[in-house]
Amino acid sequence: MTMTTPRPPHAHNIRVFVGSDPRIGGNPAPVWLDADALSTAQMQEYTRRSGHESVFVLKPATPAHALRMRYFVPNHEMEMCGHATVGALWLLHRRGEWDGSPIAIETLSGTVTGRRVDGTVQISQPRAVVEEVRQRALVEEIARCLGIDAASVVGPVLNAATSRVKTLVRLPDTTRLHGLRVDFARVESLCERLGSTGLYPYALSDGEGEVCTVSARQFPKSSGYPEDAATGIAAAALAWGLRHLGLVGTDALTVTVRQGEAMGSPSAIHVGLPSEAMAQEGCRVGGECCEEPPEDLRLDVLCPPEAARASPSGTYATFSKAGGLWHSSGVVGRENGEVIAGPLRGPDDVERGQRAAVAAVAALLRAAREELGSLSRVARAVALNGYLQTGSDFAEHAKVMDAASDLLRHVFPEAPLPARTTVGVASLPRGGAAEVSLTLEVRD
């Protein structure tokens, strides 16, 4: 088996701040409960494999707290993550391990309190520190990075922070917001000069009377992915920024931030601002949550989500469907967009063949998930066929394909293993080391 990283002990993928369609909306937040036995390196590796900001729930270090939480993005540890905190508390309440009453959580950014109000989890954030970005050269560079003219920036650009600094850039309308063409290669160095952890362009929602709904997008500085579908900390900073600009009143109100629309993952983050007279009490950030099917999470944890999805490169379909059986075409294994090349000649090539076979199976499963909406609809893998480009003396065919079988066993742990055929061939499309096809039994 090729899985060099141990399987996570128990992970739940919670979609946080879901909008009107929880099947596609919200921001995924993998949650690991009872994570005290995990090392920092393991937490970082599990997060890297999930591809999403993740939270690990631990016992508190002080009696003043009920829980301790650690947060990671694929590239590094974070002091605080709003949507992951909301997701973890939602999961604990759903499991009957938290009754919804006020709870103190220990984080690297300080104490965060959570509570459940009217069926929604809310967490605390302090009043934001808001400063205007006055250097014209930086504003012009922000515009270039976002792919717009500097004249399209409305009013002052703000750096605002409750837990982390976000750069708030107002645009004239949601059409221009969702049409941004961002130069992602420039984001990190630009954020360094701004003293910010992400660019957060926004636009007042069309057709609104009193401003209480805003659309926004976040492009993080160095998280390991280019855009966030929902960010509670950034939404909190934005709500305070709107008050700083006089776009919301001084009375208590709720600002709804719509995010993820341009990504096809519409989200809704609700920020409860206090009255200006009570502003030192801070704000509350909350929203709706749902749990993603475990099969989808297991695939993303075991195989990086940036791995290729199978798509036809000729005149054929990825799947041919007959009743409840989906028969796939063959797919060669790829890494980082490049075919994992053959031939396999001896024992030293087994690991390369295993990587190719696993990558091909993962690509087919992602293609199935895209059509089905979730791998929870897959009852089992009925058949697995492997074609390996090998030398005449290669004898490790079974060992190579065992890695592909192991991936299916981990993604669908309750299902029986599929029947399997493995053959060695002289050549494969694009010089690949392994080509794989699957037959899946799909539930209605």
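Read-outs: derived from the displayed coordinates by stated rules, not from any lab. Keep in mind that this is a model prediction, so the values were computed, not measured. Backbone-built Cβ (ideal geometry, glycine too); neighbour counts: all protein chains shown.
In percent, what relative contact order does the chain have, based on Cα pairs under 8 Å that are 6 or more apart in sequence?
15 percent
Which loop trypsin sites (Lys or Arg not before Pro) in the range 399-444, with loop taken from DSSP, have no more than 12 other Cβ atoms within 10 angstrom of their Cβ?
Counting only loop positions with at most 12 other Cβ atoms within 10 Å, the trypsin sites (Lys or Arg not before Pro) in the range 399-444 are ARG443.
Quick one: Karplus J couplings for the range 257-272, per residue in order, coefficients 6.51, -1.76, 1.60, θ = phi - 60°, nearest Hz, x for Gly and Pro?
Once θ is set to phi - 60°, the couplings for the range 257-272 become 9, 8, 9, x, 5, 6, 8, x, 10, x, 10, 9, 10, 10, 10, x Hz.
Per the helix-only calculation at 222 nm, which mean residue ellipticity applies to the chain, given -39500 (n - 2.57) for every DSSP H run of n ≥ 4 and division by its residues, nearest 500 deg cm²/dmol?
Calculated at 222 nm, the ellipticity per residue is -7500 deg cm²/dmol.
Give the shape of the chain as rounded, prolate or oblate, defined through the alpha-carbon gyration tensor: a ≥ b ≥ c are the square roots of its eigenvalues, a/c under 1.5 means rounded, and otherwise the shape is prolate if a/b is larger than b/c and oblate if not.
prolate
Compute the acute angle (0 to 90°) between the alpha-carbon long axis of helix 136-146 and the principal axis of greatest extent of the alpha-carbon atoms of the chain; round to the nearest 10°.
Orientation of helix 136-146: about 30 degrees from the principal axis.
Calculate one ³J(HN,Hα) per residue across the range 420-435 by plugging θ = phi - 60° into the Karplus curve 6.51 cos²θ - 1.76 cosθ + 1.60, and present them in order as whole Hz with x for glycine and proline.
Calculated HN-Hα couplings, in order: 9, 10, 9, 9, x, 10, 7, 8, 9, x, 6, x, x, 7, 8, 10 Hz.
With θ taken as phi - 60° and the coefficients 6.51, -1.76 and 1.60, list the Karplus ³J(HN,Hα) couplings across the range 198-204 in order, rounded to whole Hz; mark glycine and proline as x.
x, 8, 10, x, 8, 8, 5
According to the square roots a ≥ b ≥ c of the eigenvalues of the Cα gyration tensor, what is the shape class of the range 11-120, taking rounded for a/c under 1.5, prolate for a/b larger than b/c otherwise, and oblate for the remainder?
It is oblate, given that a/c is not under 1.5 and a/b is not larger than b/c.
Roughly how tilted is helix 350-372, in degrees to the nearest 10 and between 0 and 90, from the longest Cα axis of the chain?
60 degrees
Can you tell me the 0 to 90 degree angle between the C-alpha axis of helix 82-94 and the longest principal axis of the chain, rounded to 10?
With rounding to tens, the tilt is 70 degrees.
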